[in-house]
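A quick write-up on the structure given underneath.
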Amino acid sequence: MPISAASINSINMPHSVKRLEKLAAPAKLNLFLHVTGRRPDGMHLLESVFILVDLADELDIECLENGAIVRTGDVVGDVEKDLCVRAAAALKQYAKTNLGAAIHVAKKIPSGAGMGGGSSDCAATLLALNRLWGLNLSRQELMQIAAGLGADVPFFIFGQNAFASGIGEKLTQVNVPPSSWLVVMPATPTSTAAVFSDKCLTRDTKSLKMAFFSDSLLSCWPHFFGRNDLEAVARRINPDVDRALEFLSSLGCEARMTGSGSAVFAHMPSFELAQAMLAKTPAGMTGYAVRTLSEHPLKDL
């Protein structure tokens, strides 16, 4: 769901509010993604720039006095493993509260895209329940809980375009020029586990200095900085990713995969041109015209 300018305004609510509706959980794109190493526990060390874009899922969340956690709407896979359910359970345990939640999600971000849809829904759930349950936890506390739920979740709690390092939990704000993008989602999603476990994956890209990165990003804009180390593996194991990248290249665009795939994207000179290019999207693929957000729509929640 594209986010209108009006929905980015501050949210003003009475203290006793028990239900929040139409909460926007935005997608992200990785402008680059370098794998710099691997921890002893097997987690990969990454460096990336995450940017928020105005394609968003929509959540309605209600406080339940009976302590139950109820998940409705669009669910991908096993509901017990759903990130919103896990987020509510983790926050409930952390805060030692007897309250529960009814969580309804309307999905617009494609699943298996590498655009962080599930992680964004998870973060929105943490932010909303922190308010509904009256916990008053800081963003830093919520980010600590988020880190145990998924590598991308802390970014959506952080709520600003960011340079990410570590396993995604170390975040520094970066300023990204206002920009429009054409995103193409292939018919077949890519297994994140298969990409990260592939023996051909590069895991020794040289680590960046933040100051060097910031200068380089702006000096080459709107051309891409660095690369996505996961892209070559994803193109090999999922030919649909390769075809999507070839499609964007055929339009004369510099194209890149986001995250571990399968979605690919290209910078567009204008949002209107991005919209016009949607008509050219090949059969079996889904196109999206999106714009960069400077901050998360729920920044004041």
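The values are calculated or read from the model by the stated rules, or taken from the named source; none is laboratory data. No experiment lies behind these values; they were computed from the predicted model shown. Cβ: placed from backbone, ideal geometry, glycine included. Neighbour counts: every protein chain shown.
Some points to look at:
- Count - residues of the range 51-75 that are touching a Gly at 6+ places or on another chain (Cβ under 7 Å) and either buried (at least 20 other Cβ atoms within 10 Å of the Cβ) or not small (Gly, Ala, Ser) (or both): 4
- Residue satisfying all of: in the range 113-149; outside any helix (DSSP H, G or I) and over 11 Å from the mean Cα position of the chain (by Cα); surrounded by the most Cβ atoms within 10 Å (Cβ to Cβ) among these: Leu149
- Out of Gly261, Gly287, sole residue that is of a type in the set (Gly, Ala, Ser), surrounded by 18 or more Cβ atoms within 10 Å (Cβ to Cβ) and modelled with pLDDT under 95: Gly261
- Lys96 vs. criteria at pLDDT 95 or above, over 30 Å from Asp198 (Cα atoms) and not assigned by TED's automatic domain parsing to the domain that holds Trp221: yes
- Residue ID - nearest to Arg39 (Cα to Cα), chosen from residues in the range 198-235 that are among the basic types (Lys, Arg) and modelled with pLDDT under 95: Arg203
Residue-by-condition table, conditions (1) among the polar types (S, T, N, Q); (2) assigned to a strand (DSSP E or B); (3) assigned by TED's automatic domain parsing to the domain that holds Gly168:
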{"residue": "Val49", "(1), (2), (3)": "no, yes, yes"}
{"residue": "Val53", "(1), (2), (3)": "no, yes, yes"}
{"residue": "Ala56", "(1), (2), (3)": "no, yes, yes"}
{"residue": "Asp60", "(1), (2), (3)": "no, yes, yes"}
{"residue": "Thr72", "(1), (2), (3)": "yes, yes, yes"}
{"residue": "Leu91", "(1), (2), (3)": "no, no, yes"}
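- Qualifying positions in the range 262-301 - charged (D, E, K, R) and without any contact (Cβ under 8 Å) to a residue 60 or more places away in the chain: Glu272, Lys280
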